[in-house]
Amino acid sequence: MIKNIIFDFGDIFINLDKEATYKEMAKLGVSNISEEMIAVYHQYEKGLISTDEFVNFYHQKFNISYESLKNAWNAILLDFPETRLAFLKELAESKKYRLFLLSNTNDLHISWIQDNWGMELYNEFKNYFEKFYLSHEINFRKPDNNIYEFVLRENKLVAEETLFVDDLEINTEAAKSLGINVWNLIPGKEDVVELFTKNQL
């Protein structure tokens, strides 16, 4: 029996254009993504380097300004459909499940969301969850097992009583390996509001 639901953020609640940042970075002269760049990105998502350090890396390597990098980096972020907020509100108010958010993200993305949505909406969204876990704040990132173990341990959750919803198979497979039930939601074909028709809860 499912008692807990852990949701991802991007392409679950907020829509993403996953290719947009690559396209915008290419316009700035960054067309090849090196292993060093991926390592820096992962460090940034884990909160192990600051936004200034992240920006300086691209400035020193490619002479990209802060504003240009910020705009390219945030190009991935799109809209937040009202139907999903209404669904989450109803789910939270039913009190049938303990709700958690677990997102790989970073300070630049969260700052954009707070500005774009406004703090009132952002806080409303955040408050529907018992805990709101952002990778750069907890120093872990998916699909590393330690991030799921951390959430289970900190909240005394039983893996078999927990459903994890994420759009990336690499993330759901990692959770599944720990005994967590998963829904690998396919953006564009499925929507989080279909939670109860797509899963046996």
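For the pair Asn145 and Tyr22, a Förster radius of 25 Å applied to the C-beta separation gives a FRET efficiency near 0.35, rounded to the nearest 0.05.
Using only side-chain charges placed at the Cβ, +1 for Lys and Arg and -1 for Asp and Glu, the dipole size of the chain relative to its Cα centre rounds to 360 debye.
The distance separating the Cα centre of segment 99-119 from that of segment 165-191 comes to 20 Å. Each principal axis of the Cα atoms in the chain has its own extent, and those three values, largest first, are 53, 33, 29 angstrom. Using every pair of distinct Cα positions in segment 1-115, the Kirkwood expression returns a hydrodynamic radius of 15.9 angstrom.
Working note: Cα atoms of segment 152-201, range along each principal axis, descending, whole Å: 33, 23, 16. For the chain, the longest principal axis of the Cα atoms and the long axis of helix 35-45 meet at an angle of about 50 degrees. Highest mobility in the GNM of the chain, judged by mean-square fluctuation with C-alpha springs under 10 Å and restricted to Phe13, Phe100, Phe125, is found for Phe125. Evaluated with a Cβ-only charge set (Lys, Arg +1; Asp, Glu -1), segment 46-137 carries a dipole of roughly 400 debye about its Cα centre, given to the nearest 20.
Atom-type composition of the exposed protein surface of the chain places 48 percent of the accessible area on carbon and sulfur (1.4 angstrom probe). Since only Phe13, Asn106, Ser50 are under comparison, the one whose Cα sits farthest along the positive direction of the charge dipole of segment 1-110, derived from C-beta charges on Lys, Arg, Asp and Glu, is Phe13.
3J(HN,Hα) along segment 22-33, derived from phi through the Karplus expression 6.51 cos²θ - 1.76 cosθ + 1.60 where θ = phi - 60°, amounts to 4, 5, 5, 5, 4, 5, 8, x, 9, 9, 10, 8 Hz, with x in place of Gly and Pro. Here the simple spin-label model places points 7 Å from the Cα toward Cβ, and for Met37 and Ser65 these points are separated by 2.1 nm. Averaging the Cα positions of each part gives two centres, and for segment 1-58 and segment 125-150 these lie 15 Å apart. Taking the DSSP bridge list for the chain and keeping only pairs wholly inside it, about 5 percent are antiparallel. The relative contact order of segment 104-154 comes to 42 percent, based on Cα pairs under 8 Å that sit 6 or more residues apart. Positive end of the dipole of segment 68-133 (Cβ unit charges, origin at the Cα centre): among Tyr97, Asn123, Phe80, the Cα lying farthest that way belongs to Tyr97.
Here the relative contact order of segment 133-201, from alpha carbon pairs under 8 Å that lie six or more residues apart, stands at 24 percent. Entry comment: accessible area of the chain is 52 Å² per residue, from protein heavy atoms only and a probe of 1.4 Å. The relative contact order of the chain comes to 31 percent, based on Cα pairs under 8 Å that sit 6 or more residues apart.
The values are calculated or read from the model by the stated rules, or taken from the named source; none is laboratory data. Source: prediction; values computed, not measured. Neighbour counts run over all protein chains shown; Cβ positions are idealised from the backbone, glycine included. Accessible surface is based on the protein model in full, side chains and every heavy atom, while ligands, DNA and RNA are left aside. Shrake-Rupley method; radii C 1.70, N 1.55, O 1.52, S 1.80 Å.
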